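Okay, structure first, notes after.
Coordinate-derived values only; no laboratory data. Computed from a prediction, not measured in an experiment: that's the story for all the values here. When we count neighbours, we look across all protein chains shown, and the Cβ atoms used for this are built from the backbone with ideal geometry, even at glycine.
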Amino acid sequence: RAKAAGRGRAEIFDETLRRQLNQRAALEVAIATGLANGEMQVAYQPVMEVATDRLMGYEALIRWTRPGVGPVAPDQWIPVAEGSRLIGEVDRWMLHEATRQLAQWRAESPAAPGAPDPTIAVNISGRHLADPRVISDVADALEASGLPAHLLVLEVTETVLVDDPLANDHLTELRAMGVSIAIDYFGTGYTSIGQLRNMPVDTLKIDRSFVASTEPAHRELVALMIRAAHTFGLTVVAEGVEEPDQLAQLKAQECDQAQGYLLYRPMPATEAGALLRSPQPAGSL
Ligand code: C2E
Ligand code: MG
Ligand code: MG
């Protein structure tokens, strides 16, 4: 009897596992089809200079509208793509589309005198960063678009930087090409502030969980991250700014740039292009 019951449980487990594997495989096929059929789009979220309120650039965020299903949030499918070679396809598509778009905007209307030349930030997954092909993928996108390398920012997570020497080498090579590197989700991993000095990065993005926290200890930590980053010559971007007092606090802490719903939500390309052409406040100089 016990044996029979045990086998029953194993069968249920097999069934659940099989269903999960099937769902995953189906999602992988849907992602690949989606890329091939033009179901992906890019949303652009403005990144603003805190001291002057000027538009510094955009973060490119992928958007997928699945036919018959509707919009599927990146968190629901990017991890699946990251589990397979598909993530390379996603990143390559994004690199090409985002660099092409910024190059087009620049060609249509050059930056007004005194206005910053806008940058575009693209998220690169850890798995892709560990693949030597990432170098030619980035070079290809720059060549195809004609975008100057210094206007492209690659966002990577800190875990990759700490754990993977190969990924580190690739970042060093990418930086030598003139591309900037930003650490995304900073503060959520195991990186100590001191390690920042030795990392091949230019920008630190403070995770929104710290920005949103009202705990005095967290606020102090944000101030510390900003001071340390500045000591090492890094630019600091605060993410997920939703409240005016968060922005005021960041300004007092001399955070360089901010991104969040309080400022702008991610927007379609047409809106982002129009924003780029709208008058900007004068710089601080
Ligand atoms: P991320 O790179 O940290 O992107 C910021 C996320 O925070 C975006 O979510 C953005 O819409 C959201 N956000 C911005 N401001 C606020 C705010 O004030 N409050 C709140 N609650 N959220 C805010 P999204 O677009 O859903 O992207 C989620 C994550 O998916 C990204 O996090 C990134 O890790 C990944 N991802 C998105 N696009 C791509 C891509 O093209 N390639 C890769 N590899 N990953 C991507
Ligand atoms: Mg990002
Ligand atoms: Mg982020």
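Once every DSSP H run of n ≥ 4 in the chain is given -39500 (n - 2.57) and the sum is divided by its residues, what mean residue ellipticity at 222 nm do you get, rounded to the nearest 500 deg cm²/dmol? Before the final figure, lay out the partial values.
Details: 11 runs with 141 residues, N = 285.
Only helices count here, giving -15500 deg cm²/dmol.
How far, in degrees from 0 to 90, does helix 2-36 lean away from the longest principal axis of the Cα atoms of the chain, to the nearest 10?
The angle comes out at about 40 degrees.
From zero up to wherever the largest Cα-Cα distance of region 64-217 sits, split into 10 Å bins and tell me the percent of pairs in each.
Cα pair-distance distribution for region 64-217, in percent: 10, 35, 34, 18, 3.
Compute the Kirkwood hydrodynamic radius of region 175-249, taking the inverse of the mean of 1/r over all pairs of distinct Cα atoms, and give it in Å to one decimal. Before the final figure, lay out each step's value.
On the way: mean 1/r = 0.0780 Å⁻¹.
Across region 175-249, the inverse of the average 1/r is 12.8 Å.
Across bins of 10 angstrom width beginning at 0, how are the C-alpha pair distances of region 135-285 distributed, in whole percent?
10, 35, 35, 19, 1
Amide H to amide H under 5 Å from GLU155: which residues, 5+ apart in sequence or cross-chain, H placed 1.01 Å off N in plane?
Here VAL122, ASN123, ILE124, ALA182 satisfy the definition.
If I fit a long axis through the Cα atoms of helix 165-176 and take the longest principal axis of the Cα atoms of the chain, what angle between them do I get, 0 to 90°, rounded to 10?
30 degrees
Going by how many other beta carbons lie within 10 Å of each one, how would you line up TYR185, TYR261, TYR58, TYR190, fewest first?
TYR190, TYR261, TYR185, TYR58
Per the Cauchy relation, a quarter of the hull surface: what is the mean projected area of the convex hull of the alpha carbons in region 1-95, in nm²?
With every direction weighted equally, the projected area is 9.7 nm².
Counting other beta carbons within 10 Å of each Cβ, put LYS205, LYS251 in order, fewest first.
Working: LYS205 26, LYS251 13.
Arranged by neighbour count, lowest to highest, LYS205, LYS251 become LYS251, LYS205.
I need the per residue convex hull volume for the chain, using only the alpha carbons, in cubic angstrom as a whole number. Don't skip to the answer; put the middle values down first.
Numbers: hull volume 49.8 nm³, N = 285.
Value for the chain: 175 Å³ per residue.
In degrees, nearest 10, range 0 to 90: what is the angle between the Cα axis of helix 133-145 and the longest Cα principal axis of the chain?
Taking the Cα atoms of the chain, the angle to 133-145 is about 50 degrees.
Any idea what the relative contact order of the chain is, in percent, if you count C-alpha pairs under 8 Å spaced at least 6 apart?
20 percent
In nm², what is the average projected area of the convex hull enclosing the Cα atoms of region 11-52?
It is 5.5 nm².
Hey, got the Cα dimensions of region 96-171 along the principal axes, in Å, largest first?
Extents along the principal axes: 42, 24, 16 Å.
Among PHE186, PHE210, PHE13, PHE232, which comes first, second and so on when ranked by fewest other beta-carbon atoms within 10 Å?
PHE13, PHE232, PHE210, PHE186
Principal axes first, then extents: for the Cα atoms of region 224-285, list largest minus smallest coordinate on each axis, whole Å, largest first.
38, 27, 17
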